[in-house]
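Asker: Here you go, one structure.
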Amino acid sequence: GALRRMLFGSTWRQEWITPVDVPILELGSHGGGLTPVREGGNQSRTLHFNGADGRRYVFRTADKRLAPRFNADLLGTPVGGIIEDLLSSLHPASVLMAHVIEDAAGVLHPEPRLVQLPDDSRLGAFRESFAFQLGYIAERPDDVPPGVASFAGAHRFVGADRLLEQLDASPR
């Protein structure tokens with residue numbers, strides 16, 4: 001409504017409703033063949049896969065949601081509605097924009113691909129929740145099983161929070 005728009009702005013509403021053409025993720029060939037293993041996520045629902053190539057992959061839905069820890073208390077309330085509406089302030093293609101910035105800065109990272117999950121029996125127990133979902137698939141570089149070559153030959157991985165702590169301590 002007009003009051004909400006006046007208070008919070010237009011955010012990225014137009015981008016959230018703009019149709020896009022994306023490839024359907026080929027579960028039988030991506031990563032040598034993907035097997036879903038578990039669901040997770042906070043702002044985005046995620047589906048973790050084991051690849052037949054020995055690597056691990058994660059699919060994150062483009063659709064954002066109220067974090068599960070808030071659902072019980074806020075879902076269906078006016079405050080919950082405002083928070084859910086404010087999720088439109090998150091750009092739906094931010095993952096792809098971050099990828100371009102990371103490349104330009106020389107930051108090593110897995111390449112995300114915008115895809116749609118198929119309605120495929122290989123999704124197993126996750127089929128009802130994830131069939132036809134739009135999202136991003138990327139390798140999990142920090143989750144490589146023993147005996148599989150690490151992502152880009154890296155010996156150690158540091159998450160974003162730890163990286164920021166280290167950069168604050170020293171620019172080296």
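The values are calculated or read from the model by the stated rules, or taken from the named source; none is laboratory data. In this text the structure is predicted, and so the values were computed from the model without any measurement. For neighbour counting, all protein chains shown are included, and Cβ atoms are generated from backbone atoms with ideal geometry for every residue, glycine included. With ligands, DNA and RNA removed, areas are computed over all heavy atoms of the protein, side chains included. Shrake-Rupley method; radii C 1.70, N 1.55, O 1.52, S 1.80 Å.
Asker: Give all pairs with beta carbons closer than 6 Å in which a residue from the range 78-90 that is farther than 12 Å from R4 by Cα meets a residue that is open to solvent by less than 60 Å² (accessible area, probe 1.4 Å) and part of a helix (DSSP H, G or I); count only pairs at least 6 apart in sequence or on separate chains.
Answerer: That search, which allows pairs on different chains as well, returns G80/L74; S88/R13.
Asker: Would you confirm, using the coordinates I've provided, whether D168 is on the phi < 0 side of the Ramachandran plot and either within 20 Å of the chain's Cα centre (by Cα) or modelled with pLDDT under 80 (or both)?
Answerer: Details: on the phi < 0 side of the Ramachandran plot: yes; either within 20 Å of the chain's Cα centre (by Cα) or modelled with pLDDT under 80 (or both): no.
Here the answer is no, as D168 does not meet what is asked.
Asker: Could you list, in sequence order, the residues of the range 137-164 that are in contact (Cβ under 8 Å) with a residue 12 or more places away in the chain, in a helix (DSSP H, G or I) and open to solvent by 50 Å² or more (accessible area, probe 1.4 Å)? Lay out the reasoning, then the answer.
Answerer: First pass over the range 137-164, keeping only residues in contact (Cβ under 8 Å) with a residue 12 or more places away in the chain: 137-145, 147-148, 151-152, 154, 157, 159.
Checking the rest, the ones that are also in a helix (DSSP H, G or I) come to 151-152.
Correct list: A152 only.
Asker: Of everything in the range 13-35 that's part of a loop (DSSP other than H, G, I, E, B) and of a type in the set (D, E, K, R), which residue is modelled with the lowest pLDDT?
Answerer: Keep residues of the range 13-35 that are part of a loop (DSSP other than H, G, I, E, B), which gives 18-23, 25-29, 33.
Narrowing further to those that are of a type in the set (D, E, K, R): 21, 26.
Details: D21: 94, E26: 97.
Of everything passing the filter in the range 13-35, D21 is modelled with the lowest pLDDT.
Asker: Also: If only one of S10, S88 is modelled with pLDDT under 85, buried (at least 17 other Cβ atoms within 10 Å of the Cβ) and not in a strand (DSSP E or B), which one is it? Don't jump to the end; show me each part of the working.
Answerer: Values: S10 fails: buried (at least 17 other Cβ atoms within 10 Å of the Cβ).
Among S10, S88, only S88 is modelled with pLDDT under 85, buried (at least 17 other Cβ atoms within 10 Å of the Cβ) and not in a strand (DSSP E or B).
Asker: Give the number of residues within the range 29-52 that are exposed (fewer than 13 other Cβ atoms within 10 Å of the Cβ) and of a type in the set (G, A, S).
Answerer: Of the residues in the range 29-52, 3 are exposed (fewer than 13 other Cβ atoms within 10 Å of the Cβ) and of a type in the set (G, A, S).
Asker: Among the numbered criteria (1) open to solvent by less than 90 Å² (accessible area, probe 1.4 Å); (2) farther than 24 Å from R38 by Cβ; (3) part of a loop (DSSP other than H, G, I, E, B); (4) not charged (D, E, K, R), which single criterion is violated by P171?
Answerer: (1)
Asker: Find the residue count for the range 98-124, including only residues that are out of contact with any strand residue (DSSP E or B) (no Cβ under 7 Å at 6 or more places or on another chain), open to solvent by 70 Å² or more (accessible area, probe 1.4 Å) and touching a residue at least 12 places away in the same chain (Cβ under 8 Å).
Answerer: Of the residues in the range 98-124, 3 are out of contact with any strand residue (DSSP E or B) (no Cβ under 7 Å at 6 or more places or on another chain), open to solvent by 70 Å² or more (accessible area, probe 1.4 Å) and touching a residue at least 12 places away in the same chain (Cβ under 8 Å).
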